[in-house]
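Notes to accompany the following structure.
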Amino acid sequence: MNADRMPARDEDQQGARRLALGAGLGLVAAVLTIALPLIFLYLATYNPGGFFTFSSTLIEDLSILLLAGAILFLISLFVYRRAFATLRKVESRFWIASVLCLIGSIGFLLIVVLAAVILSSTSSLQTCLHGSPSHALSCLRSNQPIGAYSGLLGFALTWLGGLGIVLGLFFAGHRFVRGALAGSAVLYLLLLLVLVGPFIALLYAVPGTQYVLLIAPVLAILAPALVLAGVRQPFASVRP
């Protein structure tokens, strides 16, 4: 064995398995919460017709996807946090990622509240939107202010949780010497940066953000897929 390696411990193997489970849940959640809603909104905006128009049916379906995806993201973040908490027993710096993931869990709970508010206010939101998703936040503020501010705070806390995943995967990539894990951390970081622009556009008019947002589904799917690729095989040794 190389001098800079040591045998993997049970905590390493358990942490890796939890990383795989968290990534799998995150992959499904990304499809439900980011990929499908963006595709639906894009078609309703640039190629409207049939189901893909800004109707109460579309808003209800999007809110159901958001609610289901947020719950899965919440479970995924919980599993990631458990993975980092396990790895913290063998490397203390994982505590940072574990704490940030805990903060992100609170954010996802607030997003679940937002999705429930949207689901209960589809008719009033449809009237307010006038076919423009950029009015979503202002419509929520006027119709359901609690839901709007819950969503704002939820996004901020969830973003911090995402940062915890980035740090945790970077540390895991270093410990397990797996480039795929380090690459997934980079993709998660890019996803966080991409999501900031459209979120700011909900508060202020920023042209062109809709094109940047199209990158989000790709990153949201590739990032957990790389995690799964990085932990698909057990670890015989780790970097101390």
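For A172, neighbours were defined as the other residues whose beta-carbon sits under 10 Å from its Cβ, and their charges (Lys and Arg +1, Asp and Glu -1) total 0. Remark: spin-label model distance I64-Q14 equals 3.9 nm, labels positioned 7 Å along the Cα→Cβ axis. Taking 7 Å steps out from each Cα toward its Cβ at L214 and L109 produces label points 3.9 nm apart. Label-to-label distance, I96 versus T57, with points set 7 angstrom from Cα along the beta-carbon direction: 5.0 nm. What does the net charge come to around K89 if you take all other residues with beta carbon closer than 11 Å to its beta carbon, with K and R at +1 and D and E at -1? Charge balance in the 11 Å sphere: -2.
One Cα centroid belongs to segment 1-42, the other to segment 85-100; the line between them spans 16 Å. Please give me, ordered by residue number, the trypsin sites (Lys or Arg not before Pro) of segment 1-42 that lie in loop per DSSP and have at most 14 other Cβ atoms within 10 Å. The qualifying sites are R5, R9.
Take the Cα of M6, go 7 Å toward its beta carbon, and the backbone nitrogen atoms of segment 149-190 under 16 Å from that spot belong to 172, 174-177.
Values in this text are rule-based calculations from the coordinates and carry no lab data. From a predicted model like this one, the values you see are computed outputs, not experimental measurements. FYI the Cβ positions are ideal-geometry reconstructions off the backbone, even for glycines, and counts take in every protein chain you see.
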